[in-house]
1. Would you list which lysines come within 29 Å of Lys115, measuring only between C-alpha atoms, while excluding same-chain residues fewer than 8 positions from it?
2. Which order do Tyr279, Tyr271 take when ranked by solvent-accessible area (1.4 Å probe, heavy atoms of all protein chains), largest first?
3. Might you tell me the accessible area per residue for the stretch 94-170, computed with a 1.4 Å probe and given in Å²?
4. In debye to the nearest 20, how big a dipole does the chain give about its Cα centre with +1 on each Lys and Arg Cβ and -1 on each Asp and Glu Cβ?
5. Bin by bin, in steps of 10 Å, what percent of the Cα pairs in the stretch 255-365 do you find, going until the bin that has the longest distance?
6. Counting only protein heavy atoms and using a 1.4 Å probe, what share of the accessible area of the stretch 210-365 belongs to carbon plus sulfur, as a whole percent?
7. Collect residues whose amide H, placed 1.01 Å from N in the peptide plane, falls under 5 Å from the amide H of Thr236; neighbours closer than 5 in sequence don't count.
8. Write down the accessible area per residue of the stretch 235-365 in Å², having rolled a 1.4 Å probe over the full set of protein chains.
Amino acid sequence: MNIQGFASRHSFRRFLLTFVLLIVFPLAARNSIARPQGTGPAPRKVIIDTDPGTDDAMAILLALNSPELDVQAITVVPGNVTAERGLDNALRLVSLAGRCDIPVAHGAEHPLNQKLVTAEFWHGRNGLANIELPPSKCTADPRFGPDLIIETIHKHPHEITLVPVGPETNIALAVSKDPSIVPLVRDVVVMGGSISGGNVNASAEANIFGDPEAAQIVFNAGWPITMVGLDVGNKTLVTRAHIAQLERTHGPENDFVVGVLKFLIDLSEKYGAPGVQMYDPLAVGTAIDPAIVTTEAMRVDVETRGQFTRGETVANRTNTVERNVPHDGRLWIEAVDPVTPNAKVAVDVNAERFISMFLGRIAGK
Ligand code: BDR
Ligand code: CA
């Protein structure tokens, strides 16, 4: 702009005022409106490792509808269903959510050291409550799941939260192949285990029972790990009233979740639970908002040999162990040694807040 063009000081001042009012002020205002988004916490980058699975399906849809999370990849592990079925289910789910941009990769075909146990009994013939979702418009990523996990962690050092919600085979394979990922992972939020008895049998929870050797590797890898187990999952009960609430809104994901919940509540009631336990969605909920659970630091190991306890998460609640030394033909307690906790174990949950978050994220989608 040529200032000479302004004949007098007066008109120059008027020009300045107009410039400020019309250009500078609206720009500043726009930036200050945009700033809250810019300065808020960046979405947490997560990889969901899953065996979909009814509650896995709801967990995936919760993650995809939560702005706090940036789903970098979904890797599929056999568990509730076979690896092949799980991959197809995962692809149908991302397609339902219109998220073909998310890499979905196959992983292990079977657990590290035992036969695969599948759970169509609880999840329906197809693993998705017998609901036939439309064939997927998305295609599988050709990479092997554990390799994709390794690659993504190296691409985003210190940023990735791993959320395994099935047996931990893929995560164990990844960390065994490339232990350098351990210090590069932000944290791990596992759905699995229990400190008060199992759902497969008296001692073991299904995901840990599905691959105890893998779980022992994951719990002892040395990364920050939060165990969201049965104890808290059993407190997050979706009731018929919640389902009725979700039935009032519609959308492909909304209606699918209603169908899944109806299938699950019939089963839950048949086996004595007053609602649907939201195991896998709660692990995602914990990644969204860690304060949704209360945790205690404990030393957790996985029993791999017990006659009645294979697959049990053995949690040391006092983080101490007695030191026994030989004395006079017997063992004598000489001291109590501290043990270092390796996990934060969820011991309580704000179930109401979690369920309303879940319903709110799915409603109308
Ligand atoms: C876990 O086992 C599976 O059946 C569910 O998907 C969940 O991950 C609960 O024990
Ligand atoms: Ca699962």
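1. Result set, ordered by chain and number: Lys177, Lys270.
2. Working: Tyr279 35, Tyr271 120 Å².
If we order Tyr279, Tyr271 from most to least accessible, we get Tyr271, Tyr279.
3. On the way: 3720 Å² over 77 residues.
Roughly 48 Å² per residue, with all protein chains present.
4. On the way: 32 positive and 40 negative charges, 381 e Å.
The dipole of the chain has a size of about 1820 debye.
5. 11, 25, 30, 18, 10, 5, 1, 0
6. 53
7. Met278
8. Values: 6810 Å² over 131 residues.
About 52 Å² of surface per residue is accessible.
The values are calculated or read from the model by the stated rules, or taken from the named source; none is laboratory data. No experiment lies behind these values; they were computed from the predicted model shown. Every residue, glycine as well, gets a Cβ built from its backbone with ideal geometry; the counts of neighbours run over all protein chains shown. Remember, those area values only see protein heavy atoms, side chains included, never the ligands or the DNA or RNA. Shrake-Rupley method; radii C 1.70, N 1.55, O 1.52, S 1.80 Å.
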